[in-house]
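Notes for the one structure printed next.
Bear in mind that the values in this text are calculations on the coordinates, not laboratory data. This is a predicted model, so every value here is computed, not measured. Neighbour counts run over all protein chains shown; Cβ positions are idealised from the backbone, glycine included.
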Amino acid sequence: MRYLVVSDIHGNLPALEAVLSSPEAAACQAILSLGDQVNYGPQSREVLLRLKSLGARMLLGNHEERLSHLGDPRLAGYNWTLLHWTARQVSGPDAAAILRALPRDIRLGRLLCVHAAPGDLYRLLHPRDIPAVLDALPDGVDTLLSGHHHIAWHIRHGGRAAVNPGSLGVTEDGVGGVAPFAVLDGEAVAFHQARYNPDDVARAYLRSGCATAAPEMCRIVLQNLRTGRYDSISSLVRHVAATGDPGDPAVWRAADLTYPWDEPLSTPEFWRKQEDTL
């Protein structure tokens, strides 16, 4: 069985469609999506329905898991506006049914699929962590597929292998407008990238109202899509937290004026420019 392996699509439908249109994807018999299909991007519902229509096997990621805990006080306040906007977008019965059915892991023979680490949706693995994780895998598993960390890897240790296809929807390897994915054919792993236009995502942000609901977060995600800069989304969140209470929209507006954006514009000015130029 030849698998198309994707992860961390994050509501980026143009990137997903670019991958699905590639000849490498067309040659696969099945699709594995390793979680975080939703949030950050403006088209989470469309991503879920597209994958479902193709019979893809999808995993629960930490972003999907958070959607089931929106009443948690830790997910309140302006800093979680984008998550709550995503929740409303996927609240219809079609997308909601998909979300309810997502498993935490998938076992396919000697293959184990998880989102982040076995038994933990939130643990951010790094290459240095992989040998110990592989040593702890159950008997009969020799390949671990995982995402969550947005950088791709293929690491062998002790007769086992760990494969991360990279984030299809939010790349962090310094290249913008590309959607990474992997093809798994038996023990052979091949990494690929499909090109797409981040301006299509910007148009969807504007058209959907997402950029109005969470303008600063949408801007930093779009900047990431255009540059592929590592850790850019987290850098904005840290900057806001250093400015004041991230739950206060006034703090975000103040932080917006001091954050080192690629363009020296306030976020309202930035989105007006997108409306005028796209």
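Things to note:
- Within-14-Å neighbourhood charge of Cys210 [Cβ basis; K, R +1; D, E -1]: +1
- Between helix 232-243 and the chain: long-axis angle, C-alpha atoms, 0 to 90°, nearest 10: 50 degrees
- Calculated FRET efficiency for the pair Arg226/Arg272, C-beta based, R₀ 22 Å, to 0.05: 0.80
- Tensor-based shape of the range 1-150 (alpha-carbon gyration tensor, a/c under 1.5 rounded, otherwise prolate or oblate): oblate
- Overall, the chain carries a charge dipole of about 400 debye about its Cα centre when +1 sits on the Cβ of Lys and Arg and -1 on the Cβ of Asp and Glu, all other atoms neutral.
- Among the trypsin sites (Lys or Arg not before Pro) found in the range 195-268, not one is both in a DSSP coil and sparsely packed, with 10 or fewer other Cβ atoms within 10 Å of its Cβ.
- Low-density loop cleavage sites - trypsin sites (Lys or Arg not before Pro) in the range 30-137, where at most 14 other Cβ are within 10 Å (DSSP): Arg110
- Residue-count net charge about Val38 - beta-carbon cut-off 11 Å; Lys, Arg +1, Asp, Glu -1: -3
- Between the range 33-105 and the range 194-253, the C-alpha centres lie 18 angstrom from each other.
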